[in-house]
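To keep things clear, I will list the structure first and then write my remarks on it.
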Amino acid sequence: MKKTPNRISLAEAARRTGALMRHGDPVPGAAAEQPRLEDITECLFFSPGDGRIWLNDQRMVLMHSRSLGTLRRELIDALGLDRARGLLTRAGYASGARDAQLVRERWPDAELVPTFLAGTRLHALEGVVRVVPVAFEIDPDRGHYFGEFLWEHSMEDDEHIHAYGLGTEPACWMQTGYATGYVTGLMGQLVIFREVECRTTGSAQCRVIGRTADAWGDVSDDLRHLQTHDFPGHALVPTPPTAVLGSGALGGDADEPMVGVSSAFKAACHMLHRVAPTKAAVLFTGESGVGKEMFANMLHRISPRREQPFVAVNCAAVPETLIESELFGVERGAFTGASVARAGRFERAAGGTLFLDEIGTLSLTSQGKLLRALQQGEIERVGGTRTLKLDVRVIAATNVDLRAAVKAGQFREDLLYRLDVYPIHLPPLRERREDIPLLMSHFLQYYSRLHGRPVAGYAPRAVKMLLGYAFPGNIRELQNMVERGVISTEAGGVIDLPHLLRREQLDAGVLLSLSRTGVLRQAEPEAVAPPPAGTTPLLDRLAEPGEPGVRPAEIEQQLIAEAIERAKGNLSAAARLLGITRAKLAYRLQQAGQRPAAGSRQAAGSSAATSGRR
Ligand SMILES: [Zn+2]
C-alpha cells in the first residue's frame with residue numbers, strides 16, 4: 001500500500017465511497033480507487049438453483065428485515081436491553097470483521113483509503129444502511145484513525161422504532177458493531193464506533209464516530225458490549241503466561257480481559273460458564289498456546305470456590321520420580337532427603353481447585369495413583385499411613401488426543417472417564433481469526449505499558465501478515481511476536497514486519513511466502529493458491545488443447561521439478577510455488593516414484609512453514 005494522505009476532504013471521501021455519486025457523475029475508473037461500489041457489487045452472486053447466495057466466498061442470506069426485527073425484539077424482551085445489545089453488537093462485529101477479511105483478500109493491492117471506505121459500501125450493499133462520510137483521517141504510521149459518518153435509512157432504527165417507538169438511547173447496535181469490527185479488522189488495533197445521534201432518539205439520521213480505544217479514553221462501556229460474558233466480579237482476560245510450577249498457584253491478572261468475539265471463542269466461554277458452578281471435572285483440550293491455563297484459572301475464578309486456593313501443576317515439568325510426592329506430599333523420612341513432612345498439591349488445593357496441565361504426560365503408575373485419589377476423594381502422603389479426606393475439584397488439560405493414547409495403551413481409560421466428564425475444546429487461533437485484531441490491540445497495550453515503551457500501532461503490512469499467519473504456536477506465539485515487536489520498535493514508532501519476526505523466520509522466507517492476499521499458504525492446506533506469475537506460461541501451455549509433443553503428465557513433472565529446484569529442495573516452499581498443498585505435492589512425488597527422503601531439506605525450513613495444520 002502506498003503512503004496515504006493523513007486527511008482527505010469530505011468531497012473526496014464522498015467521491016471515493018460513491019456515497020454522493022449521482023447518475024451522470026464521472027465514474028472514478030482508476031485502479032487506485034478500487035474497490036469501487038461496482039467492484040464490490042460484482043462479488044455478489046445469486047445461486048437460486050442450489051439455494052445459496054455468495055458475497056465473494058462467503059455465504060449470505062436474504063432475510064426480511066421485519067423478521068430480523070422480530071428476532072431482535074424477542075432478544076430484548078427475553079434478555080433485557082443490555083444483554084441483547086451486547087449480543088447484537090458482537091454479531092455485527094463478526095460481520096464487519098468478515099467483510100474486512102473479504103476486502104483484504106479480494107483487493108490485496110488496493111490503496112489504504114479505498115480499503116477502509118469499502119466497508120461503507122459493503123454495509124450499503126448488504127442493505128443495512130447508507131453511509132455518508134463527514135470526516136475521515138487515517139495514519140497507520142501513527143496508529144491514528146478518526147472517522148465520522150452519517151447513516152441514512154438505518155435498518156435497525158426502522159425495526160427498533162417499529163417495535164418500541166422513539167426512545168432515549170441510540171439503537172443501531174449491530175451497525176456500530178459492524179463498523180468496529182470492520183475498521184478494527186483492517187487496523188489491527190481496536191477502533192471503537194459510537195453512535196452519537198440516532199434516528200431512534202428523534203434525529204433525522206444517525207451519526208457515528210470512530211476512534212482508537214486510546215483516543216476515546218474510557219472504553220469500558222464499549223468493551224462490555226464487545227465481550228462475551230460478564231463473569232461476575234471479574235474482568236475477562238488472557239493473562240500473560242505464568243510460571244505454573246514455580247508459583248504453585250496461578251495469580252492471573254484480573255485487570256485484563258479474556259479477549260474474543262469469534263463464535264468459537266464464545267462457544268468455549270459459554271461452556272465454561274455452564275460448568276463453573278458445578279463440581280464436575282473439566283478436561284480442556286487444544287493445541288499448545290491456545291490458553292488452556294487461562295481458561296482453567298477463569299473457571300476457578302467464576303466458581304463458588306473462588307475464595308479457596310487454585311493450585312496448578314504442569315505434569316510435564318515434574319520429573320517422573322517426584323510427581324507422586326509433588327501431588328500427594330511426603331511424610332518425614334519417607335525417602336532419603338525427606339527430612340521434613342511436606343504437603344502435596346492436593347492438600348494445598350483443599351476446598352479449591354487443582355489444575356493438572358499436560359495430563360497426558362503422566363506415567364501409568366502416576367495415573368493409577370491419581371485415579372485412586374479421584375475415586376475415593378482421599379489421598380495418602382508418600383511414606384505415610386493415614387488417609388486424608390479432601391474436597392478438591394480437579395480440572396485437567398491436554399494437547400494430545402487422550403483417546404488415541406488410550407488405544408495405544410499409554411493412558412488409562414478409567415482415568416480418562418473420570419477426567420473427561422465435561423470436555424471443553426479450545427480452538428486454535430487460526431480458527432478464530434476474528435479475534436486476532438482484538439488480541440493484537442490487547443497485547444500491544446499490555447506490553448507497551450509493561451516495557452514503558454509507547455508504540456503507535458502496526459504498519460499495514462505487519463497487520464496483513466498477522467491477520468493471515470497460521471500461528472502454529474497460537475495465542476502465545478502472537479503474544480511473543482507482539483512483545484518482540486514492542487521491544488524492537490522505537491518509542492512512538494509503529495511495529496513493522498522485521499520487528500515481529502525472528503531472524504530465522506525472515507531467513508526462511510516467511511516474508512516471501514506471503515501470497516498476494518497476505519495469507520500464508522501453509523496456513524490453509526486445503527486452499528489451493530493460484531499459480532504465481534513465474535509458472536503461468538507452462539500452465540498456459542498445459543491448458544492449451546493439442547499442445548504438440550508434450551503430455552500433461554510430463555508438464556506436471558517438469559513443473560514439479562522446476563519448483564523443487566527453485567525452492568532449493570524445500571517441499572513446502574515448492575508446494576507454494578505450484579499453488580498446491582505440501583501434502584498434495586508429496587503425494588504427486590510418491591505417485592511418480594520420487595518419495596521425498598525423510599528428514600530431507602524441507603526440515604530446514606521455518607517452523608512456520610512446516611508446522612501448519614496437518
Ligand atoms: Zn441509529
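Each value in this text was obtained by applying a stated rule to the coordinates, not by laboratory testing. This structure is a prediction, so every number in the text was calculated from the model and none was measured. Glycine also receives a Cβ, built like all others from the backbone with ideal geometry; neighbour counts cover every protein chain displayed.
Shown is the FRET efficiency for Gln410 and Lys568, computed with R0 = 30 Å from the Cβ-Cβ distance and rounded to the nearest 0.05: 0.20.
By definition, a body whose alpha carbon gyration tensor gives a ≥ b ≥ c is prolate when a/c is 1.5 or more and a/b is larger than b/c, and the stretch 244-425 fits this prolate description.
Quick one: putting +1 on the C-beta of Lys and Arg, -1 on the C-beta of Asp and Glu, what dipole do you get for the stretch 7-226 around its Cα centre, in Debye to the nearest 20?
So the dipole magnitude of the stretch 7-226 works out to roughly 260 debye.
Anything over 25 Å Cα to Cα? Flag those among Lys279/Lys407; Lys279/Lys369; Lys279/Lys389; Lys266/Lys389; Lys464/Lys584, in the order listed. Over 25 Å Cα-Cα: Lys279/Lys407; Lys266/Lys389; Lys464/Lys584.
Is the stretch 74-147 rounded, prolate or oblate when judged by the Cα gyration tensor, a ≥ b ≥ c being the square roots of its eigenvalues, rounded requiring a/c under 1.5 and prolate requiring a/b larger than b/c? Prolate shape, in that a/c is at least 1.5 and a/b is the bigger ratio. Given axes a ≥ b ≥ c from the Cα gyration tensor, I'd like to know whether the stretch 431-500 is rounded (a/c under 1.5), prolate (a/b larger than b/c) or oblate. Prolate is the answer for the stretch 431-500, as a/c is 1.5 or above and a/b outweighs b/c.
Take every pair of alpha-carbon atoms less than 8 Å apart whose residues are at least six positions apart; their mean separation over the length of the stretch 7-226 yields a relative contact order of 23 percent.
At an R0 of 30 angstrom, the distance between the Cβ atoms of Leu71 and Leu374 translates into a FRET efficiency of 0.10.
Full extension of the chain between Phe46 and His162 yields a length gain of 38.8 nm, computed as 0.36 nm times the residue separation minus the alpha carbon distance. Applying a DSSP loop filter and a limit of 13 other Cβ atoms within 10 Å to the trypsin sites (Lys or Arg not before Pro) in the stretch 380-410 leaves Arg386. Which is farthest toward the positive dipole end of the stretch 244-425 among Val421, Leu371, Thr385, measuring Cα position about the Cα centre, with Cβ charges +1 (Lys, Arg) and -1 (Asp, Glu)? My answer, from the dipole projection, is Thr385. Dipole orientation for the stretch 384-484: of the candidates Leu444, Phe411, Val394, Leu444 has the Cα lying most toward the positive pole (charges on Cβ; Lys, Arg +1; Asp, Glu -1). Farthest towards the positive end of the charge dipole of the stretch 69-148, among the residues Ala84, Ala100, Leu112, is the Cα of Ala84, using unit charges on the Cβ of Lys, Arg, Asp and Glu.
Multiplying the residue separation of Asp39 and Ala280 by 0.36 nm and subtracting their alpha-carbon distance yields 81.4 nm.
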